[in-house]
Every structure is written in C-alpha cells, then in structure tokens.
Amino acid sequence: MIDMINCPYPGEMLPLERLLLYNAVMDNRPKIILEVGSGEGASTYYLAEGAHRIKDCKIFTCDPTRSPTEEFLRIYPNVTYIPRNGVVLIDSLIKQNLIPNFVFFDGPEDPEVALKDFQTLDPFLGPSTIFCMHDWCTEKRLYDGNISTKAALLKPYIKSLDTWQWIDELYGDRLNLDLNGEGCDSVGIAFYRKIGP
C-alpha cells in the first residue's frame, strides 16, 4: 500500500487529501490525466502511483515555476511535465486530440486562472470525466485560519452547470477523520463527474 503520510516529494496536500486523490484515480481508471499545478511533485506522485497500478495511463502536468525532479520523471516515464501554465498545456492537448478523462487543478492562487482553464477545457471533455481541485475551501479554514481564493469563481460556476455532478468534497470547515482515525482538517478538495455533453 502506498504511504499517504510520508510523501517522498514536497507538497502541501494533507494525508487524507492524498488518499482521496489516489483512490479517485484507482476507482476511475483514467487513460489520460491532466494536472495543472505540479508543484514539486507530491500530488503528481499520487497520481503517478495510481496510474502505474492501473497501466496504460498517461499524465500531463504543468507548472511554470516548480517541477518534479529529474529522478521523479525517470521513475515515472508515463508523466510528461512542461514548465508552462495550464492554458498552454490545455491548448496543446486539445490540438493533439489528447483529451483527458481525469483532471486535477492545483494551480496558482488566482481564481480567474482556474475558471479560464476549466472553461477552455470543458467543451472537449467527455461524459464520465472526473474533475477534482485542491484548495476548494473558499471560507476561513479551521486547518490554518487562512482563506484561499483559488476556487472562488470556479466553485459557483461548476455548481451551476447541469452537465457536472457533485461526487464528494472534503472541506476545511468539516471535521473528518485522518488516516489514523483522529480528527483532521483540510484546505478543501472536491470531486465532480461530467454527466452531460
């Protein structure tokens, strides 16, 4: 079993968030994963571990300022990293007809970026595509008292669409159990499934 607590790569995701992301990959068995916001590779690691176990899954990830290590990219040859922003990678995938069926956003702390990336990609995504996003909590968080604006525009937008179905949310203001069965908190992670054209 993959270790959710001791991640070998730096990152901000909490153990329960990592588990939910990994399980979403394992449960949905995507062929193409798009990650916007690689950071230094923590979330990419859990996506890549899931993809490795289900086979025949490619991951495309981007971040203009941070990246997974060369060692990471050597260990996971199914991961393609580009040092650009999300819209550049999204446009490239669309032009190559490499349409993801699993999307994970954890990009910059700019609500307009997440909304624009989603609106650019959404018309090309097929039914059953999974969309998830980190830092989903836009209220003051119990975890650290901070407020994230990353999902401030995208959250109400996707909730207004009848083509996307809510699956689950782990919120910063909801008590959850961590991997040891103790109380924990979260910066928020949400999961949606596309149900329409």
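The values are calculated or read from the model by the stated rules, or taken from the named source; none is laboratory data. Bear in mind that the values here come from a model prediction, so they are computed numbers and not experimental data. Note that each Cβ is placed from the backbone with ideal geometry, even for glycine, and that neighbours are counted across all protein chains shown.
Applying the criterion of being in contact (Cβ under 8 Å) with a residue 12 or more places away in the chain and in a loop (DSSP other than H, G, I, E, B) to the residues of region 91-105, the residue that is farthest from the chain's Cα centre (by Cα) is Leu98.
Based on what the data block shows, is Lys55 of a type in the set (Lys, Arg), over 18 Å from Phe191 (Cβ atoms) and surrounded by 15 or more Cβ atoms within 10 Å (Cβ to Cβ)? Here the answer is no, as Lys55 does not meet what is asked. From Thr80, Thr129, Thr149, grab the single residue that is over 16 Å from Ile32 (Cα atoms) and of a type outside the set (Gly, Ala, Ser). Just a single option satisfies the conditions, and that option is Thr149. Note on region 41-94: residues that are at pLDDT below 90 and touching a Cys at 6+ places or on another chain (Cβ under 8 Å) total 1. Across region 99-120, the number of residues qualifying as farther than 15 Å from Pro64 by Cα and surrounded by 15 or more Cβ atoms within 10 Å (Cβ to Cβ) comes to 10. Per the listing Val25, Val88, the residue uniquely among the hydrophobic types (A, V, I, L, M, F, W, C), part of a helix (DSSP H, G or I) and surrounded by fewer than 19 Cβ atoms within 10 Å (Cβ to Cβ) is Val88.
The test for being out of contact with any Ser or Thr (no Cβ under 7 Å at 6 or more places or on another chain) and among the charged types (D, E, K, R) does not hold for Asp135.
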